[in-house]
Amino acid sequence: MNDVGRRRFLAGAGAAVAVGAVSGTGVLAGTAQADEQSLGLPATTVKSGDARYVDMVRGSNQRWVGNPDVIRVCNSTDQVVAAVQDAVNAGKRIGVRSGGHCYENFVYEATQVVIDVSELDQVGYDPVRNAISVGAGANLFQVYDALYRVWGVIIPGGSCGTVGAGGHITGGGYGLNSRQFGLTVDYLYGVEVVTVDAAGKAKVIVATRDGSDRDLWWAHTGGGGGNFGVVTRFLLKATTATGTDPSTFLPRPPAELFINSVALDWKDVTEENFTRLVDNYGKWHERNSAPDSPYDGIFGLLKLNKKTWDADRNVTGQIVLLTQADASRPNAQQLLDTYLAAVFDGVDAPRVPMSVRSGEHAAMPHLFKTQRLPWLHGTFELSGGPSWTLRSDYKSAYLRKGHTAEQIAATYKWLATPDYNNGNALVQIDSYGCRVNAVGSADTAVPQRDSVLKLQYQVYWEDPAEDAQHLNWFRNFYSEVYASTGGVPVPNAVTDGCYVNYPDIDLQDPSFNRSGVPWSTLYYKGNYPRLRQVKDRYDPRNTFRHRQSIEP
């Protein structure tokens, strides 16, 4: 096996070397030496003037470009310890990067040392901990590919394959399999994290759900990245797993998937059609999102794109529904047909192929006729991802019920207005609930455990000179949708706060968040006090911080 293969997947005896030896205190020892012996990869330091620097000081959102003193690219946990210790000794502020998909400027703002863990991408079996080990730098497609090809199992993560596992899992990542299997953190058995104690000493802690550092484990089940230390790897195993066979540790996906894409041309969509569609979608999810729902294998992404006009003032743009369904069930086709019929019931507009890009998804006209694909092929087919050339902004909301009439009316108003002509703006309404809601609100750090929909507001543009124009429209849009609760989706009977992995600094600005509910409650609800206690214990110097990190 070549070095690339060894780095991506390490199993059996090789994994025992890769994960190192574990002492009785829960501290992982000898990892760097073992890793470097097997991989031959030293730590790398990149500074301004190096051709690699300009790549490493930016991520997917081109609004955020950093100017750190140094980037430390680490190939082992011990190298992370050394990088953190050097920064602490020098009094330098630390930022951590895995996949580069942080929506806000949390990695680079005021950061002097960026610790890049993207090379910590090994996937393997840890025989000492008896769990599957995933490096924090592995991207989701690397994880899916390795888990599925070797053991036939998955984690229910997101559809953007280049997202790093480090931030995704730590923030409570979800994806197209989550209604069927829950959240990624529902399978988190342990986390290896480099922390800094009160004396300023960097050290490694392996915190597990049944160990002495259980609170640190719990904080990483949805507390978000950059709060407690540098995560170097995750240990994955279901709470119900027994024995030592990794093929039984995580859920097995359906053998096959139905994949479908259907669109409505905006020129055919009246306000009545729009209202009916969004209301139908919400009502269907209200009825079919219990943990035992027969529809748990169906996941939809309703993409309400901005209505646009071409140079001749012809209406352009589409509204799109992407759907993934478990095709292995005996009545799978009937379930899918019933779902689609319910969503489009009474919508008097022709259904057509998806012919334009929608947010992070390319046009998919070939999916207008439902395709039946093997699971891994279907997962890759329905994947999306941002353009790494655009500027962007994002907001989020959880819904416990479908949209209210007022929320739908405000959404239509802002998407249909001729005063803003950007086809790269949308709100994506994702299916949620079912097995996600089988877990208690305090069992993990993710408190939103009775929602049925999860919303991601997105806007993209190219020209920095247009920042104010796009941000003003975007902020006003979101604010009016949640006008009855102070411009944000406060936890109540209909809405349930925001998703920490779609961070939004406007939530802490009283000119945008007029609800009186702090940003921390919108993300964490009643779990925030416990997260602060973990912060006090494991990061007493507030070494790991950003503009919206857990407060000490």
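Would you work out if the range 169-264 is rounded, prolate or oblate? Take a ≥ b ≥ c from the square roots of the eigenvalues of the alpha-carbon gyration tensor; rounded if a/c is under 1.5, else prolate when a/b is larger than b/c, oblate otherwise.
oblate
Of ILE408, SER396, LEU335, which is farthest on the positive side of the dipole of the range 329-423, counting Cα position, with +1 on Lys and Arg Cβ, -1 on Asp and Glu Cβ, and the Cα centre as origin?
My answer, from the dipole projection, is LEU335.
Put +1 on the Cβ of each Lys and Arg and -1 on the Cβ of each Asp and Glu in the chain; which of LEU277, MET56, GLN428 then has its Cα farthest toward the positive end of the dipole?
MET56
Per-residue counts of other Cβ atoms within 10 Å, averaged by peptide: what ranking do you get for 49-55, 290-296, highest first?
My ranking of the peptides, most packed first, is 290-296, 49-55.
Treating only the Cβ atoms of Lys and Arg (+1) and Asp and Glu (-1) as charged, compute the dipole magnitude of the chain about its Cα centre; round to the nearest 20 debye.
It comes to approximately 660 debye.
With a 10 Å Cβ neighbour count serving as the proxy for reagent exposure, in which order, fewest first, do TYR482, TYR523 appear?
Final ranking by Cβ density, sparse to dense: TYR482, TYR523.
How big is the dipole moment of the range 256-529 about its Cα centre under a simple scheme where the beta carbon of each Lys and Arg is +1, that of each Asp and Glu is -1, and everything else is neutral? Debye, nearest 20, please.
380
Give me a comma-separated list of calculated 3J(HN,Hα) values for the range 146-157, in order, Karplus coefficients 6.51, -1.76, 1.60 applied at θ = phi - 60°, integers in Hz, x for any Gly or Pro.
5, 4, 6, 5, 8, 10, x, 10, 9, 10, x, x
Under 24 Å Cα to Cα from LYS203, which lysines show up? Leave out anything in the same chain fewer than 8 places away.
Candidates past the 8-residue exclusion: LYS92, LYS535.
Which cross-chain or sequence-distant (5 or more) residues have an amide H under 5 Å from the amide H of TRP309, H modelled 1.01 Å from N in plane?
THR316
Among LEU176, VAL191, THR232, whose Cα projects farthest towards the positive end of the dipole of the range 123-252, with charges put on the beta-carbon of Lys, Arg (+1) and Asp, Glu (-1)?
Most positive-ward Cα: LEU176.
Quick one: length gained pulling GLU109 to GLU466 fully straight, 0.36 nm per residue minus the C-alpha distance?
The GLU109-GLU466 span can extend by a further 126.4 nm.
Quick check on the range 256-529: take the gyration tensor over C-alpha atoms, sort the square-rooted eigenvalues as a ≥ b ≥ c, and tell me if it's rounded (a/c under 1.5), prolate or oblate.
Oblate, since a/c reaches 1.5 and b/c is not below a/b.
Where nothing but the Cβ of Lys and Arg (+1) and of Asp and Glu (-1) is charged, how large is the charge dipole of the range 44-116 around its Cα centre, in debye to the nearest 20?
120
Order by neighbour count: GLU360, GLU462, GLU192, fewest other Cβ atoms within 10 Å first, most last.
Lowest count first: GLU462, GLU360, GLU192.
Ranked highest first by the average count of other Cβ atoms within 10 Å around their residues, in what order do 137-145, 247-255 fall?
The packing order, highest mean first, is 137-145, 247-255.
Can you spot the lysines whose alpha carbon is less than 28 Å from LYS369's alpha carbon? Ignore those fewer than 8 places along the same chain.
Straight-distance partners of LYS369: LYS267, LYS283, LYS303, LYS306, LYS307, LYS454.
Would you mind computing, in nm to one decimal, how far apart the modelled labels at ARG351 and GLU286 are, each placed 7 Å from Cα along Cα→Cβ?
Label at ARG351, label at GLU286, 2.3 nm between them.
Where Lys and Arg each count +1 and Asp and Glu each count -1, what net charge lies around ASP186 among other residues with Cβ under 13 Å from its Cβ?
Charge balance near ASP186 sits at +4.
Can you sort ARG179, ARG475 by how many other beta carbons sit within 10 Å, fewest first?
Lowest count first: ARG475, ARG179.
Laboratory data are not the source of any read-out in this text; all were calculated from the coordinates shown. Everything quoted here is computed from the prediction, not taken from an experiment. Ideal geometry is used to build each Cβ from the backbone, glycine not excepted, and the neighbour counts take in all protein chains shown.
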